[in-house]
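The values are calculated or read from the model by the stated rules, or taken from the named source; none is laboratory data. Bear in mind that the values here come from a model prediction, so they are computed numbers and not experimental data. Note: ideal-geometry Cβ built from the backbone for every residue, glycine included; neighbour counts use all protein chains shown. In case anyone asks, the SASA skips ligands and DNA or RNA and just uses the protein heavy atoms, side chains included. Shrake-Rupley method; radii C 1.70, N 1.55, O 1.52, S 1.80 Å.
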Amino acid sequence: MISVRNVGKAYGAHRVLDGVNLEVAKGEVVCIIGPSGSGKSTLLRCINGLEHYDQGSIAIDGESVRREHKSIHALRSEVGMVFQRFNLFPHRTALQNVMEGPVYVKRLTRGAAREQAIALLEKVGLAAKLDAYPAQLSGGQQQRVAIARALAMQPKAILFDEPTSALDPELVGDVLKVMLTLALEGMTMVVVTHEMGFAAEVARRVLFLDHGRVVEEGTARQILAEPRHERTRDFLQRVLRPV
Amino acid sequence: MQSFLRDAQDFLPILWQGCIVTIELTLCALLLSTLLGFVWALLRLSALRVLSWGAIALITVIRGIPILVQLFYIYFVLPDLGIRLSAFQAGFIGLGIAYSAYQAENFRAGIQAVDPGQIEAAQSLGMRPGMIMRRVILPQAVRVFLPPYGNTMIMMLKDSSIASAITVAELTRGGQLIAASTFKNMTVFTLVALLYLAMSLPLTYLAHRLERAFGRK
């Protein structure tokens, strides 16, 4: 469904992405791990057409994704994105945040969008917070609203950009639980994360990215338990921090 | 004091006419400066260098020339180029253009204060640029530019008196005419000052209300 072929991007001499390949099938959950500055977020942002890439191709269901193309708006509406810093609209309530896309992009009636939004907020455990503004919600609650907002577009896939990195540790679990539910329901997901436990449990495949290259790719078990590459081992050791 | 009140009774109906023109002039100039300012701000923020540099140049020129000189230019010089405007038209267009430069900078500051993550979130929902501006950027930018906008309204009201120099029959001009024919400078200009103050008070209140209405989360 998501097809990334030989994608490259550079800022001057610095190569952010260097010939990245990635195929994600429908219903698959792929986790991307790697040190900061390895190009994980950039890759995700290229898949959603938020960033330009210099070479290679990205396609979703065969349709080319390019920031410069006119079709990009329609493509973005078919792929959800969840950001590290939530990026909820601060001037709208949780309910309004979730209704925004369906009403203004998909042109759903307010009634239908409202009904759907309520159901989605219930699903992420926030039925009691429909009328709360983002500033009145904890980080974990905001991120769950953001997931509901992405789901409201009934996307083919959702891209998660370090969805739990900005959260206090005790709030991470609720967000991961929602993501696990989605994975079990068959949602296609690409997740950039530092949550190795989540990757181990949920991801069908794990990619290790470093210096803009896919260093290693395999099942969660292969990558996390038996990494073949020195750099992967080194990275995992740092992340898991066995003192 | 009694003569003041008597004179005031004579002068006020005339000055009242001036007040109405002042209000009309202020509203027209405010509307024009808001529209133009918004256009300049968008050009200024454009990714196209030609547009943003053009906007910077324009804003710099407008800000660097006294309002009075801009009004003289529009009222006295443009007719030589075949563009004839009434004093009122020249007044509100001149004030509108002069103020558009300040408005542009306010709008730009407001728009730039919006977190870029907001734009990305809107883009990721599939929104197009115009809709992102309307639904996401402006509602948030408004909070930043309303407080200075309130100030601008009050300054505009007062600066509309500059239009008296090109014979617009607004409040200051009315005062000048009465003073010139009656020599009662003290009475006339005290009244004029009080009338400006009286007109600015509702604006001050409105500015305060707007700030509170949009300032809440």
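Using the alpha-carbon centroid of each, what span in Å lies between the stretch A:176-202 and the stretch B:73-126?
Centre-to-centre (Cα) distance: 49 Å.
Using a probe of 1.4 angstrom, how much of the accessible area of the stretch A:102-178 is carbon and sulfur, in percent?
Accessible surface attributable to carbon and sulfur in the stretch A:102-178 totals 49 percent.
If you build a Gaussian network model of chain A, linking Cα atoms that sit under 10 Å apart, which residue out of A:TYR53, A:TYR133, A:TYR104 swings the most?
Taking springs between Cα atoms under 10 Å, the residue moving most is A:TYR104.
In whole Å, what are the extents of chain A along the principal axes defined by its C-alpha atoms, from largest to smallest?
Principal extents (Cα only, largest first): 53, 46, 32 Å.
Among B:ILE65, B:THR22, B:GLY150, which residue has its Cα positioned farthest towards the positive end of the charge dipole of chain B, with +1 placed on the Cβ of Lys and Arg, -1 on the Cβ of Asp and Glu, and the dipole taken about the Cα centre?
Highest projection toward the positive end goes to B:GLY150.
In a GNM of chain B with a 10 Å cut-off on Cα contacts, which of B:TYR99, B:TYR75, B:TYR205 has the highest mean-square fluctuation?
B:TYR205
Out of the total accessible area of the stretch B:103-200 (probe 1.4 Å, heavy atoms of protein only), what percent is carbon and sulfur?
Details: 2530 of 3970 Å².
After summing per-atom areas, the C and S share lands at 64 percent.
How big is the A-B contact in terms of buried accessible area, both chains counted, 1.4 Å probe, rounded to the nearest 100 Å²?
It comes to approximately 2000 Å² buried between A and B.
I'd like the orientation of helix B:49-64 relative to chain B: the angle between its Cα long axis and the longest Cα principal axis, in ° from 0 to 90, rounded to 10.
The angle comes out near 20 degrees.
Mind checking the angle between helix A:110-123 and chain A's longest principal axis? C-alpha axes, 0 to 90 degrees, to the nearest 10.
For A:110-123 against chain A, the angle is about 50 degrees.
Using alpha carbons only, how many degrees (0 to 90, rounded to 10) separate the axis of helix A:139-151 from the longest principal axis of chain A?
80
Report which residues of the stretch B:105-136 become buried by 40 Å² or more of accessible surface when going from the isolated chain to the complete set of protein chains (1.4 Å probe; DNA, RNA and ligands ignored).
Hits at the 40 Å² cut-off: B:GLN118, B:GLU120, B:ALA121, B:GLN123, B:SER124, B:LEU125, B:GLY126, B:MET127, B:ARG128, B:MET131, B:ARG135.
Tell me which lysines have Cα within less than 26 Å of A:LYS106's Cα, excluding those fewer than 8 residues away on the same chain?
Within the straight-line limit of under 26 Å, A:LYS106 reaches these lysines: A:LYS26, A:LYS70, A:LYS123, A:LYS129, A:LYS156.
Taking just the alpha carbons, could you work out the radius of gyration and Dmax for chain B, both in angstroms?
My reading of the Cα-based Rg and Dmax gives 20.8, 72 Å.
How much accessible area per residue does the protein assembly as shown have, in Å², with a 1.4 Å probe?
48
What accessible surface, in Å², does a 1.4 Å probe find on A:THR164, ignoring ligands, DNA and RNA and rounding to the nearest 10?
My reading of the accessible area for A:THR164 is about 10 Å².
Using amide H atoms built in the peptide plane, which far-off residues or other-chain residues are under 5 Å from A:ILE32 H to H?
Answer set, sorted by chain and number: A:VAL191, A:VAL192, A:THR193, A:LEU207.
If you rank B:PHE214, B:PHE88, B:PHE11 by how much accessible surface each has, with a 1.4 Å probe, what is the order from largest down?
Accessible-area ranking of B:PHE214, B:PHE88, B:PHE11, largest first: B:PHE214, B:PHE88, B:PHE11.
Hey, any idea what Rg/Rh is for the stretch A:57-185, computing Rh the Kirkwood way over Cα pairs?
In the stretch A:57-185, Rg relative to Rh is 0.97.
Calculate for the protein assembly as shown the 222 nm mean residue ellipticity that helices alone would give, adding -39,500 (n - 2.57) per DSSP H run of length 4 or more and normalising by residue count, nearest 500 deg cm²/dmol.
-18500 deg cm²/dmol
Take chain B, connect every pair of alpha-carbon atoms lying under 10 Å apart with a spring to form a Gaussian network, then pick out the residue of B:MET155, B:MET186, B:MET199 with the largest mean-square fluctuation.
It is B:MET186.
One quarter of the convex hull surface, Cα atoms only: what value does that give for the protein assembly as shown in nm²?
30.3
Given the convex hull of the Cα atoms of the stretch B:90-147, what is a quarter of its surface area in nm²? The partial results should precede the final answer.
On the way: hull surface 18.2 nm².
Directional mean of the projected Cα hull area for the stretch B:90-147 stands at 4.5 nm².
Ignoring ligands, DNA and RNA, what percent of the 1.4 Å accessible area of the stretch B:1-49 is carbon and sulfur?
Carbon with sulfur: 70 percent of the solvent-accessible area.
In whole angstrom, how far apart do the alpha carbon centroids of the stretch A:1-34 and the stretch B:140-217 sit?
Cα centroid to Cα centroid, the span is 60 Å.
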